[in-house]
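Undergrad: First the structure, which I've put down as structure tokens, then a few questions once you've had a look.
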């Protein structure tokens with residue numbers, strides 16, 4: 001078989017073969033680079049981070065530009081799949097998961113990829129991997145940056161199945177196994193920025209995880225240290241500031257709680273702590289020795305998820 005003539009290669013206009021190869025490699029590297037803040041600029045950023053990293057079972061209707069069918073954003077789907085479209089006889093709605101077993105390191109691009117798949121998918125089809133391959137549009141082309149989510153939290157995954165459907169024993173057993181693994185979680189509704197979730201994983205402690213959308217990470221950490229130095233970084237008697245997670249470019253303060261206390265009783269304390277933090281965000285004064293000690297303690301216990 002005759003070798004393909006290099007002269008007949010399709011090269012970008014004005015580029016040599018070497019330049020084209022270098023450009024292709026640069027594009028590949030760019031595709032693999034991790035977005036430092038994948039959901040930044042969206043009003044729903046904190047909720048997206050929470051649903052992807054901390055919440056076991058929840059879903060929310062998602063208004064997607066350019067898609068006529070109803071789309072729901074979900075934490076997890078059956079088999080940890082990426083997306084599915086229900087049969088027409090069961091409504092034809094689409095579900096897209098944030099917690100998929102097959103994904104890239106860029107969740108914003110992955111979400112755009114899955115939503116773009118929903119545009120063309122037929123009823124009954126499923127998407128196994130949400131890993132973006134570069135064919136997806138920008139997430140901003142699909143979602144309104146000012147849109148917010150009305151989240152429905154759940155104690156199980158029964159919402160996976162359309163009403164009235166009869167499950168075979170194998171599917172029923174799989175669903176029950178998934179339900180048994182759900183950790184009790186509740187969204188804490190209070191007038192503070194971010195997304196707050198109460199969770200009780202067992203072991204004698206419950207927690208509140210507070211996904212904050214602050215843009216200045218160092219300012220937030222310094223503010224937490226100043227409030228902690230005054231012994232004010234807690235949610236009342238029997239609670240303790242446990243540290244922070246760092247994920248998707250945002251900081252997530254965590255508080256240890258009494259598991260017997262109801263999730264919806266922390267609103268006033270959260271407002272108090274938020275006011276204390278807000279008052280320190282623009283404080284450029286040098287940290288005192290005690291504040292510096294608190295800051296080092298926070299940083300030493302900081303856990304980066306991804």
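Undergrad: What is the gain in length, in nm to one decimal, between residue 101 and residue 120 on full extension, counting 0.36 nm per residue of separation less the C-alpha to C-alpha distance?
TA: 4.6 nm
Undergrad: Could you work out how far helix 169-180 tilts from the main Cα principal axis of the chain, as a 0 to 90 degree angle to the nearest 10?
TA: 40
Undergrad: Here is a follow-up. May I ask for the distance between the Cα centers of the stretch 101-162 and the stretch 178-218, given as a whole number of Å?
TA: 22
Undergrad: Order 164-177, 192-205 from most to least packed using the mean count of other Cβ atoms within 10 Å.
TA: 192-205, 164-177
Undergrad: So for the chain, what percent of the C-alpha to C-alpha distances run longer than 24 Å?
TA: I get 60 percent for the Cα pairs in the chain exceeding 24 Å.
Undergrad: Efficiency by 1/(1 + (r/R0)^6): what FRET value for residue 217 and residue 69, r their Cβ-Cβ distance, R0 = 51 Å, to the nearest 0.05?
TA: Efficiency at R0 = 51 Å is approximately 0.85.
Undergrad: Relative to the longest principal axis of the C-alpha atoms of the chain, give the angle of the C-alpha long axis of helix 107-120, reported between 0 and 90° and rounded to the nearest 10°.
TA: It is inclined by approximately 50 degrees.
Undergrad: With angles folded into 0 to 90 degrees, how steeply does helix 17-32 sit against the dominant principal axis of the chain? Use alpha carbons for both and round to 10.
TA: That helix lies at roughly 40 degrees to the long axis.
Undergrad: Sticking with this structure for a sec: Taking 0.36 nm per residue of separation and subtracting the Cα-Cα distance, what length does fully extending residue 150 through residue 168 add?
TA: Extra length from residue 150 to residue 168 when fully extended: 3.3 nm.
Undergrad: Here is a follow-up. Quote the FRET efficiency, to the nearest 0.05, computed for residue 93 versus residue 180 with a Förster distance R0 of 22 Å and r equal to the Cβ-Cβ distance.
TA: After rounding to 0.05, the efficiency reads 0.25.
Undergrad: Just from its helices, what would the mean residue ellipticity at 222 nm be for the chain, if runs of 4 or more DSSP H residues each count -39500 (n - 2.57) and the sum is divided by every residue, rounded to the nearest 500 deg cm²/dmol?
TA: So the calculated ellipticity at 222 nm is -9500 deg cm²/dmol.
Undergrad: Pick from 258, 155, 282 the residue whose mean-square fluctuation is largest in a GNM of the chain, springs joining Cα atoms under 10 Å.
TA: Judging by the Gaussian network model, the answer is 282.
Undergrad: Using a simple spin-label model with points 7 Å from Cα along the Cα→Cβ vector, what separation in nm is obtained for residue 281 and residue 305?
TA: 2.1
Undergrad: Set the Förster distance to 30 Å, then compute FRET efficiency between residue 242 and residue 161 from the Cβ-Cβ distance, nearest 0.05.
TA: Step by step, r from the Cβ atoms, then E = 0.25.
Undergrad: If we sort 88-99, 72-83 on the protection proxy, mean other Cβ atoms within 10 Å, highest first, what's the order?
TA: Sorting 88-99, 72-83 by mean packing, highest first, produces 72-83, 88-99.
Undergrad: DSSP beta bridges in the stretch 45-153, what fraction antiparallel, as a percent rounded to 5?
TA: Approximately 75 percent, going by the DSSP bridge assignments.
Undergrad: What order, most packed first, do the peptides 218-231, 128-141 have when packing is the mean number of other Cβ atoms within 10 Å of each residue?
TA: 218-231, 128-141
FYI, it's all coordinate maths here, none of it is from the lab. Given the structure is predicted, the values throughout are model-derived calculations rather than measurements. Virtual Cβ from ideal backbone geometry, glycine too; neighbours counted across all protein chains shown.
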